[in-house]
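Working notes, structure below.
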Amino acid sequence: MRVALISAEAVPYSKTGGLGDVAGALPKALTRIGIDAVLITPLYLQTKRGYLETAVIDDLDIDWRGGRYKAKAFYSRANGSPTFLIDAPEFFYRDSIYGYTEDYERFAFFCRAALTLVRLLGTPPEILHLNDWHCGFAAAELFERRRYDPFWAKTRSVFSVHNMAYQGGFDLGELWKLDFASERARNAFALNGYASAMKAGLEVSDMLSTVSRRYAIEIQTPEYGYGLDWLTRLRADRLIGITNGIDYEVWNPETDPELPANYSLADLSGKSTCKQFLLEKFGLPVDLNLPLIGSISRLTAQKGIDLIMQAAQEILETGACLISLGSGEKRYEEFWQSLRDYAPQQVAIYRGYSEPLAHLIEAGSDIFIMPSKFEPCGLNQMYSLRYGTIPVVRAVGGLDDTVEQWDAVNQKGNGFKFTPFEASAFVEKIYEALFVYADTESLAAIRKNGMAADNSWENAATKYLDLYRKAASL
Ligand code: ADP
Ligand code: GLC
């Protein structure tokens, strides 16, 4: 089975969120189970050049906007599987990875370059595994080319939705400039008078997937479908949910180089060292008995920051400390700053992005909060489980798939989850988690259950293999 996985971001080359984690780890897991997987991703200004081997392709000659565009491609195996990075400074050397009005054009170009590269490599892949709206253009292009180009005749597409809220919308009038002039292509993109790359991916790909079982059901409803639920319902027979794994080579408290002390289920003493280190680092009182609640998040409405805002006072009244790592919308950044100013003995914040700090917070916290409004999968709750940190989550998407409500009688479960998007329901679960935290036996049991959970990629990779087989047989 030969698979070309295409993604706008992939760890360790680039990352703004979970897509990067997934696109970096999945091809590695696929390689391990014997799939001939190649990853194709852009080379950004932010990509560490140390990862790159020589430019293997100097003159990637891309058909672009009626002319030719010359790009390069670099090779690397830094993520554990063969990777090609498309080097086109005009499109990818920017201050940030996303956030430009012409993003649709940048990723349309990326898709064109990726397909050109695959063709140059010589052997057609059985599967193009495309991720999120950025790759909707590749889905549409394959759909078109398959009709007249024998190279692509047997290639099937799998389109994975990581977040339905971002759809890559742009003006329909731009389509012809991107070489999607046919009626068929236009119809694939057209949505309520504009063009949507996500819609094209969902409409023309051979198989569809999303990143948790629960989210596969949710995106078929108006509440979570962001205007495309009719299409996911229409194609429900082609859609499956595969819950993401996590990379235990990167997220493992026994070996994590970012921690001041490592620890395991058998010996948790290193976790206290991490907590102490974290409290000292942030100037919080070093009282190891006080519960420490962590949050690592893009500060957007998706992540339920509104519930944290509403619950903050009650959380502080419990005496627990709060630590937040994240950046994003101004109103949420201001909220965390004002909470910190209000209770500097209980609240610590780091506004920005820091990979080492993310590891330290997962390890040093006792409880991790993720009250998301919606969550296609979510990775931090799984990191928390692995690090012996109790997740308190809203029962949506992957959070519902991976967190099992604590059952005190049978000492089963690994965290806490609530359903209504209401601060009172959230606070109630925080109280329950604090209650367990205060009871040594229950704490040991809930941690054990969490740390022993198998959220490995190996598990998910075999499900992807089944999906690829299904697509290849179409
Ligand atoms: P999403 O992709 O929606 O942001 P996920 O939970 O799938 O949510 O993945 C988020 C990833 O980004 C995790 O690996 C998390 O640790 C990381 N992350 C989010 N914010 C930060 C930050 N401020 N600093 C470091 N890592 C972060
Ligand atoms: C998106 C989702 C997140 C998911 C990630 C990786 O960023 O918001 O829930 O874990 O993709 O699939």
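Inter-label distance, residue 221 to residue 177: 4.0 nm, where each label sits 7 Å from its Cα along the C-beta direction.
A straight Cα-to-Cα reach below 24 Å connects residue 429 with the lysines 271, 275, 303, 373, 412, 417, 448, residues fewer than 8 places away in its own chain not being considered.
Report in % the part of the accessible area of region 119-166 that belongs to carbon and sulfur, leaving out ligands and nucleic acids; probe 1.4 Å. Could you put the intermediate results ahead of the total?
Values: 910 of 1670 Å².
For region 119-166, the apolar C and S fraction of the accessible surface comes to 55 percent.
With an 8 Å cut-off on Cα pairs and a minimum separation of 6 or more residues, tell me the relative contact order of region 64-180 in percent. Relative contact order comes out at 25 percent. Between the residues 81, 402, 388, the greatest Cα displacement towards the positive end of the dipole of the chain, with unit charges on the Cβ of Lys, Arg, Asp and Glu, is found for 81. Take the Kirkwood radius over Cα pairs of the chain, plug it into Stokes-Einstein at 20 °C and 1.002 mPa s, and you get 93 µm²/s for translational diffusion. Note that the chain presents 39 Å² accessible area per residue, ligands and nucleic acids not counted, probe 1.4 Å. Among the lysines, select those whose C-alpha is under 19 Å from the C-alpha of residue 154, and discard any that sit fewer than 8 residues away in the same chain. List returned: 470.
By how many degrees, between 0 and 90 and to the nearest 10, does the Cα long axis of helix 305-317 differ from the longest principal axis of the chain? For helix 305-317, the angle is close to 10 degrees.
Ordering 412, 417 by accessible surface, largest first, gives 412, 417; the 1.4 Å probe counts only protein heavy atoms, with every chain in place.
From largest accessible area down, sort 361, 217; use a 1.4 Å probe on the protein chains. Spell out each step's value before the answer.
Values: 361 0, 217 115 Å².
Final ranking, largest accessible area leading: 217, 361.
By accessible area, using a 1.4 Å probe on protein heavy atoms only, region 337-474 has 52% of its surface on carbon and sulfur.
Quickly estimate the mean residue ellipticity at 222 nm for the chain, helices only: each DSSP H run with n ≥ 4 gives -39500 (n - 2.57), and the total goes over all residues, rounded to 500. Intermediate results must be reported in sequence, preceding the final value.
Details: 18 runs with 185 residues, N = 474.
Computed mean residue ellipticity for the chain: -11500 deg cm²/dmol.
About the Cα centre, and with charges only on the beta carbon of Lys, Arg (+1) and Asp, Glu (-1), how big is the dipole of the chain? Nearest 20 debye, please.
Numbers: 49 positive and 60 negative charges, 257 e Å.
Using Cβ point charges on Lys, Arg, Asp and Glu, the chain gives about 1240 debye.
So how do 14-23, 420-429 stack up, highest first, on mean other-Cβ count within 10 Å?
Numbers: 14-23: 21.7, 420-429: 17.6.
So the peptides 14-23, 420-429, ranked by packing, come out 14-23, 420-429.
Between region 428-474 and region 296-353, the alpha-carbon centres lie 26 Å apart.
Put simply, the convex hull of the Cα atoms in region 52-191 casts, on average, a shadow of 9.1 nm². Normalised by the number of residues in region 7-47, the average gap of Cα pairs under 8 Å and 6 or more apart makes the relative contact order 43 percent.
Pull out a ≥ b ≥ c, the square roots of the eigenvalues of the alpha-carbon gyration tensor of region 222-346, then state rounded if a/c is under 1.5, prolate if not and a/b is larger than b/c, and oblate in the remaining case.
Working: a/c = 2.87, a/b = 1.38, b/c = 2.08.
It is oblate, given that a/c is not under 1.5 and a/b is not larger than b/c.
So which GluC sites (Glu not before Pro) in region 67-170 pass both tests, a DSSP loop state and at most 15 other Cβ atoms within 10 Å of the Cβ? Before the final figure, lay out the partial values.
Numbers: sites: 90, 102, 105, 126, 141, 144; in loops: 102, 126.
Here the GluC sites (Glu not before Pro) that fit, given the DSSP loop and packing criteria, are 102.
The simple spin-label model puts a point 7 Å past each Cα toward its Cβ; for residue 187 and residue 306 those points are separated by 3.8 nm.
Going highest first, how would you order 280-293, 395-408 by mean Cβ packing within 10 Å?
Details: 280-293: 15.3, 395-408: 22.2.
The densest-packed peptide leads the list: 395-408, 280-293.
When the charge dipole of the chain is built from unit charges on Cβ atoms (+1 for Lys and Arg, -1 for Asp and Glu) and taken about the Cα centre, the candidate among 131, 443, 57 whose Cα reaches farthest toward its positive end is 57.
Rolling a 1.4 Å probe across all protein chains gives residue 242 an accessible area of roughly 0 Å².
Surface composition of region 14-68: carbon plus sulfur atoms contribute 49% of the solvent-accessible area (1.4 Å probe, protein chains only, all chains present).
The values are calculated or read from the model by the stated rules, or taken from the named source; none is laboratory data. Only a predicted model underlies this, so the values are computations on that prediction, with no experimental measurement involved. As a convention, Cβ positions derive from the backbone with ideal geometry for all residues, glycine included, and neighbour counts pool all protein chains shown. With ligands, DNA and RNA removed, areas are computed over all heavy atoms of the protein, side chains included. Shrake-Rupley method; radii C 1.70, N 1.55, O 1.52, S 1.80 Å.
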